[in-house]
Amino acid sequence: MVLSQAFLSIRPVRAYLGVEKEALDYFTWKGRFDSTEAQKDLAGSGIVCPNFRKGVPAMIDFYLRYKNDKEYQIKIR
């Protein structure tokens, strides 16, 4: 177990940081996504897969707008 996982195993640390220990798995996962089949299925429909980089500003805006809103946060266990 790495140090960060050990610290996040302690509930008060998770509560203070506002993050669950599973978040580490999310940030260290080396997943790759391929939209080739989706693009084929959508061909001619006028629907396109969004460009991730173009969506980042909206994601940042959403985060900044709601980062302190408890309704959008998970309850730390």
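The values are calculated or read from the model by the stated rules, or taken from the named source; none is laboratory data. Everything numeric here is computed off the predicted structure, so don't read it as measured data. For neighbour counting, all protein chains shown are included, and Cβ atoms are generated from backbone atoms with ideal geometry for every residue, glycine included. Accessible surface is based on the protein model in full, side chains and every heavy atom, while ligands, DNA and RNA are left aside. Shrake-Rupley method; radii C 1.70, N 1.55, O 1.52, S 1.80 Å.
When all protein chains stay in place and ligands, DNA and RNA are ignored, the 1.4 Å accessible-area order of Val48, Val2, Val13, largest first, is Val48, Val2, Val13. Bridging of Lys67 to lysines at a Cα separation below 16 Å is possible for Lys75, once same-chain residues fewer than 8 apart are set aside. In the assembled protein chains, Arg11 presents an accessible area of approximately 120 Å² (probe radius 1.4 Å).
Contact order, relative form, for the chain: 35 percent (alpha carbon pairs under 8 Å, 6 or more residues apart, mean separation divided by residue count).
At most 16 other Cβ atoms within 10 Å and a DSSP loop assignment: could you name the chymotrypsin sites (Phe, Trp or Tyr not before Pro) in the chain that fit?
Trp29, Phe33
On a per residue basis, the chain carries 95 Å² of accessible surface, using protein heavy atoms and a 1.4 Å probe. Between helix 52-66 and the chain there is an angle of about 40 degrees, using the helix long axis and the longest principal axis of the Cα atoms. A DSSP coil position with no more than 15 other Cβ atoms inside 10 Å describes the following trypsin sites (Lys or Arg not before Pro) in the range 1-36: Lys30, Arg32.
Ellipticity at 222 nm from helices only: DSSP H runs of n ≥ 4 in the chain, each -39500 (n - 2.57), divided by the residue count, give -15000 deg cm²/dmol.
The equivalent ellipsoid of the chain has semi-axes of 34, 18, 10 Å, largest first, where each one is the square root of 5 times an eigenvalue of the Cα gyration tensor. Nonpolar atom fraction for the chain, defined as the carbon and sulfur part of the 1.4 Å probe accessible area, stands at 60 percent.
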